[in-house]
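Data first, discussion second: the structure below is written as structure tokens.
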Amino acid sequence: MKIVDARGLACPEPVLLTKKAVDDGEKEFVVLVDDEIPKENIRKFCDGNNCSMDEAPDAGGWKLTVRQKEGCAACEELLEPVKRESNSRITFIITCNKIGINDELGKILIEGFINTLPSATNKPRLVIFLNEGVHLTTEGSPVLQSLAKLVELGVEIRSCGTCLDYYGLKEKLKVGIITNMYDTVEAMTGGDVIVKI
Amino acid sequence: MPQAVVIVFKSTHDVIKAKNELAKACIAHELIPTPKEISAECGMSLRLEEPLLSKALDLFQTAGVRYRDDLL
């Protein structure tokens, strides 16, 4: 069985290597990782790409067994228009913990904005927090309750792993999941309406 | 769950001041846009649980935060 050794590699390399193995037609293969973030990102990749992933602890890291599921192209084609009609196609990219330049005003604007989102008629399908935006999904954020409400309503909340790491907030994430640039680029180029704040 | 009250302020500066006072006193609150049925203007208000209202108003009084008591 093919073994992809992604230990010690920075994001998004482990996900890219996993994607390459899938693209090369590997039906079942093993990926070795030594950090929680690539493990979870590979799981997300599998969830979105018709693959299953089993994990087992291995030498201080994890051994991930990835298997491609047998799909039915005809069914997926039939289901696709239904999915598109029923799901929101709006993605928000929040790169700051304020709206606009003024700090004081900007902070209450972003707080009011996010607190209003759960009652919006057309909610986004995905909100990605990058750079200073990750202060909004982590301990001490004034909008955690509203973000949790959004998750309950089916909105996906993702925070950039590199950014959490930069600000020392990786362990303080309170809502949503950690994402990487690979996922972010996929989300931004997947045909959604993108709103950047 | 206790009933929630919405406090409307005279200016954005008062909202900011009020928020800082509540944060200092560890009084839980939520910043929301002023409900349209209360005011057509674009403004921010604070929502908090009713039992916390009198303590909050005392703080506002001391700090000189101007709020719309006619709407309470």
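Which is farthest toward the positive dipole end of the protein assembly as shown among A:S119, A:L169, B:A56, measuring Cα position about the Cα centre, with Cβ charges +1 (Lys, Arg) and -1 (Asp, Glu)?
B:A56
For segment A:87-196, state the semi-axes of the equivalent ellipsoid (square roots of 5 times the eigenvalues of the alpha-carbon gyration tensor), sorted largest first and rounded to whole angstrom.
Values: eigenvalues 70, 59, 37 Å².
For segment A:87-196, the semi-axes come out at 19, 17, 14 Å.
When N counts the residues of segment B:1-57, how does its alpha-carbon radius of gyration compare numerically with 2.2 N^0.38 Å, as a ratio?
Working: Rg = 11.0 Å, N = 57, 2.2 N^0.38 = 10.2 Å.
Here the answer is 1.07, to two decimals.
Can you return the aspartates and glutamates within cross-link range of A:K63? Criterion is Cα-Cα under 15 Å, with same-chain partners fewer than 8 residues away left out.
The qualifying aspartates and glutamates are A:D5, A:E28, A:D34, A:D35, A:E36, A:E40, A:D54, A:E55.
Ballpark to the nearest 100 Å², how much total accessible area do A and B bury together, probe 1.4 Å?
On the way: alone 10980 and 4880 Å², together 15030 Å².
Interface between A and B: roughly 800 Å².
All other residues with a Cβ under 12 Å from the Cβ of A:G112 taken together, and with Lys, Arg as +1 and Asp, Glu as -1, what is their net charge? Don't skip to the end; give the middle numbers.
Working: positive: A:K98, A:K107, B:K19, B:R47; negative: A:E111, B:E30.
Summing Lys/Arg as +1 and Asp/Glu as -1 gives +2.
Over the Cα atoms of segment A:138-192, what radius of gyration and what Dmax do you get, in Å?
Using the Cα atoms of segment A:138-192, the pair Rg, Dmax is 12.1, 34 Å.
Counting only other residues whose beta carbon sits under 9 Å from that of A:I177, what net charge do I get with K and R as +1, D and E as -1? Numbers along the way, then the final one.
Details: positive: A:K44, A:R158; negative: A:E40, A:E156.
The answer is 0.
If you average 1/r over all unlike Cα pairs in the protein assembly as shown and invert the result, what Kirkwood radius do you get in angstrom? Write out the running numbers ahead of the final one.
On the way: mean 1/r = 0.0473 Å⁻¹.
After inverting the mean inverse Cα-Cα distance, the result is 21.2 Å.
Quick one: Debye curve from the C-alpha atoms of segment A:23-64, no solvent, what's log10 I(q)/I(0) at q = 0.16, 0.19 Å⁻¹?
Taken in order of the listed q values, log10 I(q)/I(0) reads -0.39, -0.55.
The values are calculated or read from the model by the stated rules, or taken from the named source; none is laboratory data. Quick caveat, the model's predicted, so the values are computed rather than measured. Using ideal geometry, Cβ is built from the backbone for each residue, glycine included, and neighbour counts are taken over all protein chains shown. Calculation scope for accessible area: heavy atoms of the full protein, side chains included, ligands and nucleic acids excluded. Shrake-Rupley method; radii C 1.70, N 1.55, O 1.52, S 1.80 Å.
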